[in-house]
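A.B. asks: Pasting a structure below so you can have a look.
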Amino acid sequence: MLKKVFGSAVFGVEATTITVEVNVDSGIGYHLVGLPDNAIKESNYRIAAALQNNGYKIPGKKITINMAPADLRKEGSAYDLTLAIGILAASKQIQAEELEKYIIMGELSLDGSLQPIKGALPIAVKAREEGFKGFILPSQNAKEAAIVDNLEVYGVDTIKQVIDYFDKGEPLEQTIINTREEFYKNLDFPEFDFSDVKGQEGIKRCMEIAAAGGHNIILIGPPGAGKTMLAKRLPSILPPMTLHEALETTKIHSVVGRVKDTGLMAQRPFRSPHHTISDVALVGGGAFPQPGEISLSHNGVLFLDELPEFKRSVLEVLRQPLEDREVTISRAKFTVTYPSSFMLVASMNPSPGGYFNDPNAPVTSSPAEMQRYLSKISGPLLDRIDIHIEVTPVPFEKLSEDRKSETSVEIRKRVTKAREIQTKRFSESDIVHYNAQMNTKQIRKYCVLDDPSKQLLKTAMERLNLSARAYDRILKVSRTIADLEGVEDVNGSHISEAIQYRSLDREGWLG
């Protein structure tokens, strides 16, 4: 007897429905075809034990299972439940009249209990698109899948519950989530706050500008100056996530199985990989492509601490995602694209010894050592970082004073207001949403300078020997400073402040 059961495979951040055809006929044998990987090929052992421990069995007949489309590689153990229910239905051990109305996914333990799967959200989105009535999956993933409306989601703990649902009509408890209510409930304020930071008013100003325009930023300073402390607080002043951004971000984290019990991610991601990270772990990829750290940072912050310690090859692969805000990974039979619209926050010591330009510490690095150290970061990568700012140690007087610093809530209000100006400005564009994303045409349109401002910028370009890309960066940052002030035109004071935020372009860094 032939039965069809439906599962799903995830490629990139999109799902593809998989039709599992199970045929039980006279003879002996177990044949699984359709490009399954080893985890799926081993599923018959898990299925046999799970069925045996729940009063059922794999029939002693010829079982042929085809996973269509047969030219797509299937991977992972999430098809255990799909295959098991198909075998039971095809061997007439259970009645399953409405089997074809559901997507069924789950990894089986030997006692029949279910383990969580990856990619529940994109699978649910695809199931709704293709008109399935419901989605049956492990209870740990139910909230995540239930974000999708107009789809019945049933979280189960054991295979016995699924069997009884189809065979005996015993009801399953449907997981229902009010997506908007869940989203706003999870919009708690971030853990870290700028009020914890003593002094560093100039750096806070820089961080505010970076947050307001979505600009990449690098913090340069000696050990203990507070670079990491400041970076960790950046998400607290970014505008709250929109529902659309939350769904996008949750989808990516769902693919790698990182979604928590709350279901919908309402906090902007903050990823801080170690400097020993590989190219593939940062950008994504592998034999079966998975998102890397830059995609897991989508709509949030990617923090690279001690930037020169990262391998040169790792840093160079950042260049294209920083420009295109997406990562494309190509394989012989398919291509996947992951979104990667993130703010890059990097930190570094100013020299190998860590104390260059610090008046209170001796210079221990020669000009040649300085040159080697700084050359670890390529010019093209630095050009893609809009703001370079020096972080100096906080003096004791500032550390010990009782005066309260400005809170993240107060800063976030100004940042959000500036972002609203940008949203209105770019309302007709589907690609550009804030100043850091402006292309050359938009820079010329929205960053018109008067003659004194042009002369000021020309002088800075000549003295600092800036590239054309750095020129565009200065104009973008100037536009953001003007937005924070709520003024229409970019003027000389905005240009002057933006020029100050190009520390690494100054000759003094090379001794």
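A.B. asks: Anything in the range 50-68 that is farther than 18 Å from residue 117 by Cβ, touching a strand residue (DSSP E or B) at 6+ places or on another chain (Cβ under 8 Å) and outside any strand (DSSP E or B)? List them, or say none.
C.D. replies: Scanning the range 50-68 gives 54, 58, 59, 61.
A.B. asks: Here's something else I'd like to know. Test residue 158 against the stated conditions and say whether it is under 30 Å from residue 433 (Cβ atoms) and open to solvent by less than 60 Å² (accessible area, probe 1.4 Å).
C.D. replies: no
A.B. asks: Can you name every residue in the range 274-300 that is under 18 Å from residue 229 (Cα atoms) and either surrounded by fewer than 21 Cβ atoms within 10 Å (Cβ to Cβ) or touching an Asp or Glu at 6+ places or on another chain (Cβ under 6 Å) (or both)?
C.D. replies: Within the range 274-300, 274, 275 meet the criteria.
A.B. asks: Considering only residues that are open to solvent by 10 Å² or more (accessible area, probe 1.4 Å) and small (Gly, Ala, Ser), look in the range 301-344 and name the one that is nearest to the chain's Cα centre (by Cα).
C.D. replies: Out of the qualifying residues, it is 341.
A.B. asks: For residues that are of a type in the set (S, T, N, Q) and in a helix (DSSP H, G or I), scanning just the range 112-146, find the one that is most open to solvent (accessible area, probe 1.4 Å).
C.D. replies: That would be 140.
A.B. asks: If you check every pair at least six apart or on different chains, which have Cβ atoms under 6 Å apart with a residue in the range 77-95 that is touching a residue at least 60 places away in the same chain (Cβ under 8 Å) first and a residue that is open to solvent by less than 10 Å² (accessible area, probe 1.4 Å) and part of a loop (DSSP other than H, G, I, E, B) second?
C.D. replies: 78/105; 81/106; 88/94; 89/96
For every residue, the table says whether it meets (1) open to solvent by less than 40 Å² (accessible area, probe 1.4 Å); (2) closer than 18 Å to residue 162 by Cβ.
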position	(1), (2)
1	no, no
5	yes, yes
29	yes, no
37	yes, no
102	yes, yes
110	no, yes
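A.B. asks: Right, next: Looking at this structure, is residue 460 in contact with a Leu (Cβ under 8 Å, 6 or more places away or on another chain), assigned to a helix (DSSP H, G or I) and either in contact (Cβ under 8 Å) with a residue 12 or more places away in the chain or not hydroxyl-bearing (Ser, Thr, Tyr) (or both)?
C.D. replies: Yes.
A.B. asks: When the residues of the range 7-27 are narrowed to those that are of a type in the set (A, V, I, L, M, F, W, C), in contact with a helix residue (DSSP H, G or I) (Cβ under 7 Å, 6 or more places away or on another chain) and in a strand (DSSP E or B), which ends up most open to solvent (accessible area, probe 1.4 Å)?
C.D. replies: Ranking the candidates gives 10 first.
A.B. asks: When the residues of the range 304-325 are narrowed to those that are part of a helix (DSSP H, G or I) and of a type outside the set (D, E, K, R), which ends up farthest from residue 227 (Cα to Cα)?
C.D. replies: Selected residue: 320.
A.B. asks: (1) assigned to a helix (DSSP H, G or I); (2) surrounded by 17 or more Cβ atoms within 10 Å (Cβ to Cβ): which one isn't true of residue 490, the others all being true?
C.D. replies: (1)
The values are calculated or read from the model by the stated rules, or taken from the named source; none is laboratory data. All values derive from a computational prediction rather than experimental measurement. Here Cβ is always computed from backbone atoms with ideal geometry, including for glycine, and neighbour counts include all displayed protein chains. Calculation scope for accessible area: heavy atoms of the full protein, side chains included, ligands and nucleic acids excluded. Shrake-Rupley method; radii C 1.70, N 1.55, O 1.52, S 1.80 Å.
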